[in-house]
Amino acid sequence: QVQLVESGGGLVQPGGSLRLSCAASGSIFSINAMGWYRQAPGKQRELVAAITRGGNTNYADSVKGRFTISRDNTKTTVYLQMNSLKPEDTAVYYCAAAGNIVVLTTTPGYWGQGTQVTVSS
């Protein structure tokens, strides 16, 4: 089993920045891809950023150039740096992990509890 614990959400004004963190523990040797999903009220959950064990990253078009996913040297903590935030970025953000990138983008086996990000003036 893998446990994911997120932190870093909150309220920010449009144009501001936030950094989310996701710490993984447990059977992390089985994890080769981690990422961040978000779900806004009335909308489907969407993958916004992902990173593989090898360091490859990909992003949703809506966040390219504004969000950056990274990890620490131990590869057990993943970050999402969010800059130039917009009201439409408001959502609950979930950390996710899986054995490979394909599974991460479809049905991740592991989820964090979610953290609220609200962008409003």
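The values are calculated or read from the model by the stated rules, or taken from the named source; none is laboratory data. Computed from a prediction, not measured in an experiment: that's the story for all the values here. Positions of Cβ are generated from backbone atoms using ideal geometry, with glycine treated the same way; all protein chains shown enter the neighbour counts. Remember, those area values only see protein heavy atoms, side chains included, never the ligands or the DNA or RNA. Shrake-Rupley method; radii C 1.70, N 1.55, O 1.52, S 1.80 Å.
Assuming Arg38 fulfils every condition listed in (1) of a type in the set (Lys, Arg); (2) part of a loop (DSSP other than H, G, I, E, B); (3) within 19 Å of Thr107 (Cα to Cα) apart from one, which condition is it?
Going through (1) of a type in the set (Lys, Arg); (2) part of a loop (DSSP other than H, G, I, E, B); (3) within 19 Å of Thr107 (Cα to Cα) one by one, Arg38 breaks only (2).
Do any strands (runs of 3 or more DSSP E) lying entirely in the stretch 73-121 carry at least 2 residues that are touching a Leu at 6+ places or on another chain (Cβ under 7 Å) and not β-branched (Val, Ile, Thr), and which ones are they?
Numbers: elements: 77-82, 91-98, 115-119.
In the stretch 73-121, the matching strands (runs of 3 or more DSSP E) lie at 77-82, 91-98.
Collect the residues in the stretch 1-31 that are open to solvent by less than 30 Å² (accessible area, probe 1.4 Å) and in contact with a helix residue (DSSP H, G or I) (Cβ under 7 Å, 6 or more places away or on another chain), keeping them in residue-number order.
Result: Val2, single match.
Conditions (1) loosely packed, with under 14 Cβ neighbours inside 10 Å; (2) in contact (Cβ under 8 Å) with a residue 12 or more places away in the chain; (3) under 20 Å from Leu11 (Cβ atoms), marked per residue:
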position: Ile69; (1), (2), (3): no, yes, no
position: Leu80; (1), (2), (3): no, yes, yes
position: Tyr93; (1), (2), (3): no, yes, yes
position: Asn100; (1), (2), (3): yes, yes, no
position: Gln113; (1), (2), (3): yes, yes, yes
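In the stretch 1-35, what count of residues is obtained for those that are in a strand (DSSP E or B) and among the β-branched types (Val, Ile, Thr)? Steps first, answer last, please.
First pass over the stretch 1-35, keeping only residues in a strand (DSSP E or B): 2-7, 10-12, 18-26, 33-35.
With among the β-branched types (Val, Ile, Thr) added as a condition, the list becomes 2, 5, 12.
Residues in the stretch 1-35 being in a strand (DSSP E or B) and among the β-branched types (Val, Ile, Thr): 3 in total.
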